Amino acid sequence: MLVNSTKYAEMLAFNRSWKLPAGVEPYTVGILSNIVIYQLKDVLEYALRTAGIPASVQVGEYDNVVQDSLRFRDKRLVVVFWEAFNFSDQLRSKGQYLAEAELADLLLHWKRQIDSVLEALSPVPLVLFNRFSPWAAGALVVEDGAWGRICRELNQHIEQSKPANVILVDVAAVAAQVSIRETFDWRNFYESRVLYSLNFLRQYVQGVFPAVAAAAGRAKKVLVLDCDDTLWGGIVGEDGVPALAMTPDTFKGMIFHEAQSLYAALRERGVLLALCSKNNPEDVDAVFAGRTDMVLKSSDLVCKKVGWGNKAEAIEAIARELNLGLDAVVFVDDSEFEVRSVKDMLPQVTTFCVPQAIQDYPGMIRSLAGLFFNPFATKEDRQKTEMYAQEARRELVRAKFGNMEDYLRSLKLQLRVMISDPALVGRMAQLSQKTNQFNLTTRRYTESQIAAFCDDGNCALFAVNVADAFGDYGVTGLAVVTLDRHKLEADVDTFLLSCRVLGRNIELVFFEAVVGWLKSQGIKRITAHYRATPKNAQVADFWDRLALSRSADGGSGRDYVLSLDSYNKQPIDYIGVEYGKQD
Amino acid sequence: MESRIKQVMSQVLGVDASRIDDQTSPHTLKEWDSLQHVTLVLALQEEFGLEFSHDEVLAMMSFTGIRDTLKTRAK
């Protein structure tokens, strides 16, 4: 990562000359701490900005964590860097030998503070909260000192009451990577309350990066793998299929068997696997068909680029086919030449070279697996390989039909509309955060906000699951409606559809399902809105097409009304609808 | 060495290197405040692969102070 190879002064210069691109919302980050840690702002801004995340980081006042947590409620990310060692000067001097009663009082006090901070930060989509670590107070080996107990109790407390938006950060693991001696900067601490070294902060940022990238919608998604000496030991074109090492009865075989198992486990977690190999396609196919000891099967791969062309071009083609950015791609190859040329031509791609000391290969895969950490992954994310395969089969069928309606009819589309279903909170929040194109109002909601809507009797959340003859697209549409049961009115706050199901007239039938339910609740009139963004022009006339009447026309949007009695049904008979629950 | 010091100061303080001379100190350069001094010392430690003592940090409160400290350490 760039933070490791860039000097601090260069990061500062980069950050100073960096400009937020026009029309882009900044990714707002707040740092709360009871030590001086503004260097974390510099390193974090640099790491995120160079990775394409337009971060703007604000550091709270020194030791003002509780009050500042209220100021940072509207941030996209808050990092809580609470240092037990600096809880108070008095505590630091008493050190490991604090009296029992005093300790109990302090613990109660801190637990309350932690609770109020986490409560204040509940609207923030991601909170990174450092686990308390006693190591600044010295690493006791056989003695159970007060610091160890303080940290243990506070960590337990957070684990037990941790809200869903909080991820705990193991700073001790970061310190272990840097070494404890290099973690703390004692001169700086006693001069100006700066406790952590730059190298610790670099390692910290590298460690939390996957969580931040996932929250910012920049998670790594596809792993592109070479074949020879990457998936199996040996070269198929030269050694032949039977000679390849992948069975754990030899040194090499054990390593490549484990490598394949680790890749297969990533695929289970929803990572897309693709092949990119310089080989004759039939040779590679022969390995998959002929070697029953292959852990990875052909069906685990979302696409295969096997041939003699340039690998950078093949990787670009893979990203294009999967509709993903190059920054979502990780590439592994045993050839330093290939790795270097991909790195040069596609700097956005993260690359790894299989180590020469092959016994280090499984460890390398374990650490690169961390890049795919995505706490925000939903069932839909995990099923992506299967969905891409379905889409490929649909494309084949589509080519056979000259007429769009005949094609749609052949799909046997089926909608299931689920109303305020708490099991779908994560997916509904994800849709509201990520959907840009077919999104009438582009209001972004966090999981806790969506959960609150679910509990609210005057609010109805409509999640739609779409399936067809080829398979299940998952939950791909959302409407948020607020109801005024006295006035018999409802307001369509949000109406959106994932781009994966567009072009099938699903939006018309979905809207009709919403209208049908509202009528069943006695609602007579609805209001709806269009709010323009740089990405949602395709729905600018959506409410007009449904014959809603305009009630207000503003610069960046329009308001509409519809009397439900005068609503005409859409003439679409090839999409089935049912109301139900998530399977 | 002077030009490396000036480059780091310029990157940290956000001022043109040509504005830095033997008279430069927190008194003559408003960008060089106490917060930035901490940052500057960290960046200089990294640039020259050194760890400074508290007394050295105090002595580095001017361009000439930085240069003299680094010269002494280089011996």
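We did not get these values from a lab; they are worked out from the coordinates using the rules stated. Because the structure is a prediction, the values reported are computed rather than measured. No Cβ is skipped: glycine too gets one built from the backbone with ideal geometry, and neighbour counts run over all protein chains shown.
Quick one: compute the contact order of chain A, relative version, from alpha carbon pairs under 8 angstrom and 6+ residues apart, as a percent. Show your work: numbers first, answer last.
Values: 963 pairs, mean separation 54.5, N = 583.
Averaging sequence separation for qualifying contacts and normalising by length gives 9 percent for chain A.
Please state the relative contact order of the stretch A:1-124 as a whole percent: Cα pairs under 8 Å, 6+ residues apart? Rounded, it is 28 percent for the stretch A:1-124.
Could you check how many percent of all C-alpha pairs in the protein assembly as shown are farther apart than 42 Å?
Details: 86393 of 216153 pairs.
Roughly 40 percent, rounded to a whole number.
In this rough spin-label picture, where each label sits 7 Å from Cα along the Cβ direction, the B:HIS54-A:LEU324 distance is 5.3 nm. Mean projected area of the Cα convex hull of the stretch A:256-316, taken over all directions, amounts to 4.3 nm².
Rounded to the nearest 5, the antiparallel percentage of DSSP beta bridges internal to the stretch A:222-374 is 5%.
Approximating the spin labels as points 7 Å out from Cα along Cα→Cβ, the A:ASP285-to-A:PHE337 distance works out to 2.7 nm.
Taking packing as the residue-averaged number of other Cβ atoms within 10 angstrom, the listed peptides A:213-219, B:35-41, A:552-558 run from highest to lowest as A:213-219, B:35-41, A:552-558.
How long are the semi-axes of the equivalent ellipsoid of the stretch A:189-230, taking √(5λ) for every eigenvalue λ of the Cα gyration tensor, in whole Å from largest down? It would help to have the intermediate numbers written out before the result.
Working: eigenvalues 248, 50, 3 Å².
Square roots of five times the eigenvalues give 35, 16, 4 Å.
Taking every full run of DSSP H in chain A, the ones that stretch at least 20 Å from end to end by Cα along their long axis and average 0.0 or higher on the Kyte-Doolittle scale are A:198-215, A:251-268, A:506-520.
Shape descriptor for the stretch A:380-471: Rg over Rh equals 1.06 (Cα atoms; Rh from the Kirkwood inverse mean 1/r).
Counting pairs of alpha carbon atoms under 8 Å apart in space and at least six apart in sequence, what relative contact order in percent does the stretch A:2-215 give? Mind showing how you got there, number by number?
Values: 296 pairs, mean separation 46.9, N = 214.
Relative contact order for the stretch A:2-215 comes out at 22 percent.
Per the Cα gyration tensor, the stretch A:222-374 maps to an equivalent ellipsoid with semi-axes of 22, 17, 15 Å, ordered largest to smallest.
Annotation: the stretch A:217-292 has a Kirkwood hydrodynamic radius of 13.1 angstrom, from the mean reciprocal C-alpha pair distance. Estimated at 0.36 nm per residue, the fully extended path between A:ASN436 and A:ALA423 surpasses their Cα-Cα distance by 2.3 nm. Apply the Debye scattering formula to the stretch A:98-164, with a single equal point scatterer on each alpha-carbon and no solvent, then give log10 I(q)/I(0) at q = 0.15, 0.20, 0.21 Å⁻¹. The calculated log intensity ratios at q = 0.15, 0.20, 0.21 Å⁻¹ are -0.54, -0.87, -0.93.
With the cut-off at under 14 Å, measuring from each backbone N in the stretch A:346-365 to a point 7 Å along the Cα-to-Cβ line of A:THR250 picks out no residue.
For the stretch A:67-130 versus the stretch A:555-570, the spacing of their alpha-carbon centroids is 50 Å.
Mind scanning A:LYS221/A:LYS379; A:LYS7/B:LYS71; A:LYS220/A:LYS252; A:LYS379/A:LYS581; A:LYS278/A:LYS311 and naming the pairs with a C-alpha gap bigger than 18 Å? Over 18 Å apart, Cα to Cα: A:LYS7/B:LYS71; A:LYS220/A:LYS252.
With only Cα atoms counted, the stretch A:390-579 has Rg and Dmax values of 16.5, 53 Å. Here r is the Cβ-Cβ distance between A:PHE401 and A:SER520 and R0 is 60 Å; the resulting FRET efficiency, rounded to 0.05, is 0.95. Distance between the pseudo-spin-label points of A:SER410 and A:HIS109 (7 Å out from Cα toward the beta carbon): 7.4 nm. Based on Cα atoms of the stretch B:2-74, Rg over Rh with Rh as the Kirkwood radius reads 0.91.
Across the stretch A:110-223 the C-alpha pair distances fall into 5 Å bins from zero in the proportions 2, 10, 17, 18, 20, 18, 10, 4, 1, 0 percent.
Averaged across the residues of B:40-50, what count of C-beta atoms belonging to other chains lies within 10 Å of each residue's C-beta?
Numbers: counts 2, 5, 9, 9, 2, 6, 6, 4, 0, 0, 0.
Across the residues of B:40-50, the mean count of other-chain Cβ atoms within 10 Å is 4.
May I ask you to order B:61-71, A:40-50 by the average number of other C-beta atoms within 10 Å around their residues, highest value first?
Details: B:61-71: 17.2, A:40-50: 22.7.
With the highest mean Cβ count within 10 Å placed first, the list reads A:40-50, B:61-71.
Fully extending the segment from A:SER161 to A:ARG393 would add 78.9 nm, taking 0.36 nm per residue of separation and subtracting the current Cα-Cα distance.
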